[in-house]
Amino acid sequence: MPYTFLTPKRTVFGQGAMLAAEKDLLALGRRPLIVTGNVVKKGEAYRQLIAILERNGVPNVVFSDIPGEPDDLMVDAGADAYKANGCDCIIGVGGGSPLDSAKAIAVRVALPGGVCTHAGKEIVAGLPPLALIPTTAGTGSEATKFTVITDHACGAKLLLKGDSLLPRLAVVDYTFTLSAPPSLTAATGMDALTHAVEAFTSRKATPLTDPYAMDAVRRIFENLPAAYQNGNDEVARESMAIAAFEAGVCISNASVTLVHGMSRPIGAKFHVSHGLSNAMLLAPCLTFAARGAPERFAKLARAVGLAGVGDSNTHAAAALLDKLKAITNTLNIPTLAAYGISQEAFLAAVPQMAREALQSGSPANTLCEVTEADVINLYQSLY
Ligand SMILES: [Fe+2]
């Protein structure tokens, strides 16, 4: 069965990447819309980007009205700013929310109708030239053909997808992540870990995505605790930036599975950040999924040094699951109760969240059958 493998058209990676990408940034267009967040505007990535544009006489319009995970109203406002100012390209700089917003704004200005009307369909239209510059090591949005936008009317998180959502340019400098606080480092890093493990154990995994997934998981196990404990550990930060990018490439080509399917409704309903809800679900969901394909979990465990060739698949898969639980504990990922979500409210929402999780299509990529009853049981097990 043939398959495709996509990455950003050009990626400039490493310390000093912004300067190295100067010509590429200028080639995007003559009037970029900068999509970012108000905290990011105080940081080094934004400062370097604006310095490049200013010294080359490139006017820019800044849209930073993204107070949280993006919804369609924020996207509309960004598209209005793009059109009102005659912009001809988009540069997203920041964490997952600004980068996802930048992609969605590109869709909004290129296609008729609100962004929510394009959810679930393959977006093939030509979009404005897009560059993405991450300041966290997590979502890997700079390397994916996806964006997640909340429908403000119903609160659901909608997935927009299409090859044209891959940026023309990704600029990844790990030094931009040095200022991320421990809680953000943990949540975003666990998102990247979830991407890599889910892509490796997805029905859509391919021989081209497997090496990216294995390397990403190994790097995250070895470096996320260090980056969490000491944000200035440059070796750990660089490895996490590589891992987040690799994991993004993985999900862009092999998709996600049960964890992301169940995570989005928790985020939408209870406003838990994406990385945290993934982290809460990671061990329980993958323990369930491993029953359907212990050999895949075992292969990953051996690849990252948690088991040897002499270990049985069952033993090796268990070692991987134990490691996922251990890293969740090391990073002090809160439970739903510790996060402040009442048991009564959560359990009342379970039936609807289970339906939304299955409707997203992601659970169907899991290497075992997932029924509505299974999803309900897994949600209930979180309490
Ligand atoms: Fe994710």
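If you take the residues in the stretch 133-151 that are within 17 Å of MET240 (Cα to Cα) and touching a Leu at 6+ places or on another chain (Cβ under 6 Å), which one is nearest to the ligand (Cβ to nearest atom)?
Going through the qualifying residues, I end up with SER141.
Each row is one residue, and each column tells you yes or no for (1) touching an Asp or Glu at 6+ places or on another chain (Cβ under 6 Å); (2) within 13 Å of the ligand (Cβ to nearest atom); (3) assigned to a helix (DSSP H, G or I).
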site	(1), (2), (3)
PRO207	no, no, no
LEU224	no, no, yes
GLY231	no, no, no
PHE245	no, no, yes
ASN253	no, no, yes
VAL256	yes, yes, no
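When you scan the stretch 139-153, do you find a residue that is at pLDDT below 95, among the acidic types (Asp, Glu) and either in contact with a Phe, Trp or Tyr (Cβ under 9 Å, 6 or more places away or on another chain) or in a loop (DSSP other than H, G, I, E, B) (or both), even just one?
yes
Considering only residues that are of a type outside the set (Phe, Trp, Tyr) and buried (at least 21 other Cβ atoms within 10 Å of the Cβ), look in the stretch 53-71 and name the one that is farthest from LEU160 (Cα to Cα). Break it down into steps so the answer makes sense when it comes.
Of the residues in the stretch 53-71, the ones of a type outside the set (Phe, Trp, Tyr) are 53-62, 64-71.
Subsequent filtering for residues that are buried (at least 21 other Cβ atoms within 10 Å of the Cβ) retains 66, 70-71.
On the way: ILE66: 18, PRO70: 13, ASP71: 12 Å.
If we take residues in the stretch 53-71 being of a type outside the set (Phe, Trp, Tyr) and buried (at least 21 other Cβ atoms within 10 Å of the Cβ), then ILE66 is farthest from LEU160 (Cα to Cα).
Would a scan of the stretch 98-112 turn up a residue that is on the phi > 0 side of the Ramachandran plot, in a loop (DSSP other than H, G, I, E, B), surrounded by fewer than 24 Cβ atoms within 10 Å (Cβ to Cβ) and not aliphatic (A, V, I, L, M)?
Of the stretch 98-112, the ones on the phi > 0 side of the Ramachandran plot are none.
Scanning the stretch 98-112, I find no residue that is on the phi > 0 side of the Ramachandran plot, in a loop (DSSP other than H, G, I, E, B), surrounded by fewer than 24 Cβ atoms within 10 Å (Cβ to Cβ) and not aliphatic (A, V, I, L, M), so the answer is no.
Out of ARG302, ARG264, ARG296, which single residue is within 16 Å of the ligand (Cβ to nearest atom) and part of a helix (DSSP H, G or I)? If you could, list the steps in order and put the result at the bottom.
Details: ARG302 fails: within 16 Å of the ligand (Cβ to nearest atom); ARG296 fails: within 16 Å of the ligand (Cβ to nearest atom).
Just a single option satisfies the conditions, and that option is ARG264.
Just give me the residues in the stretch 210-222 being farther than 12 Å from VAL256 by Cβ and either under 16 Å from the mean Cα position of the chain (by Cα) or surrounded by 24 or more Cβ atoms within 10 Å (Cβ to Cβ) (or both), in sequence order. Steps first, answer last, please.
Applying the first criterion (farther than 12 Å from VAL256 by Cβ) to the stretch 210-222 yields 210-212, 214-222.
Answer for the stretch 210-222, where residues must be farther than 12 Å from VAL256 by Cβ and either under 16 Å from the mean Cα position of the chain (by Cα) or surrounded by 24 or more Cβ atoms within 10 Å (Cβ to Cβ) (or both): TYR212, ALA216, VAL217, ARG219, ILE220.
Kindly evaluate PHE288 against the criterion of being surrounded by fewer than 18 Cβ atoms within 10 Å (Cβ to Cβ) and either within 23 Å of ASN332 (Cα to Cα) or within 14 Å of the ligand (Cβ to nearest atom) (or both). I'd like the intermediate steps shown before the answer.
Details: surrounded by fewer than 18 Cβ atoms within 10 Å (Cβ to Cβ): no; either within 23 Å of ASN332 (Cα to Cα) or within 14 Å of the ligand (Cβ to nearest atom) (or both): yes.
Here the answer is no, as PHE288 does not meet what is asked.
List the pairs whose first member sits in the stretch 69-93 and is assigned by TED's automatic domain parsing to the domain that holds ALA27 and hydrophobic (A, V, I, L, M, F, W, C), whose second member is at pLDDT below 95 and crowded, with 23+ Cβ neighbours inside 10 Å, and whose Cβ atoms are under 8 Å apart, counting only residues at least 6 apart or on separate chains?
Matching pairs, first to second residue: MET74/ILE66; VAL75/VAL115; VAL75/ILE149.
Among the residues that make up the stretch 260-275, is at least one of them free of Cβ contacts under 8 Å to residues at least 60 places away in the same chain, surrounded by fewer than 24 Cβ atoms within 10 Å (Cβ to Cβ) and over 18 Å from the mean Cα position of the chain (by Cα)?
Within the stretch 260-275, none of the residues are free of Cβ contacts under 8 Å to residues at least 60 places away in the same chain, surrounded by fewer than 24 Cβ atoms within 10 Å (Cβ to Cβ) and over 18 Å from the mean Cα position of the chain (by Cα).
The values are calculated or read from the model by the stated rules, or taken from the named source; none is laboratory data. All of these numbers come straight from a predicted model, not from anything done at the bench. Please note: Cβ atoms are built from the backbone with ideal geometry, for glycine as well, and neighbour counts cover all protein chains shown.
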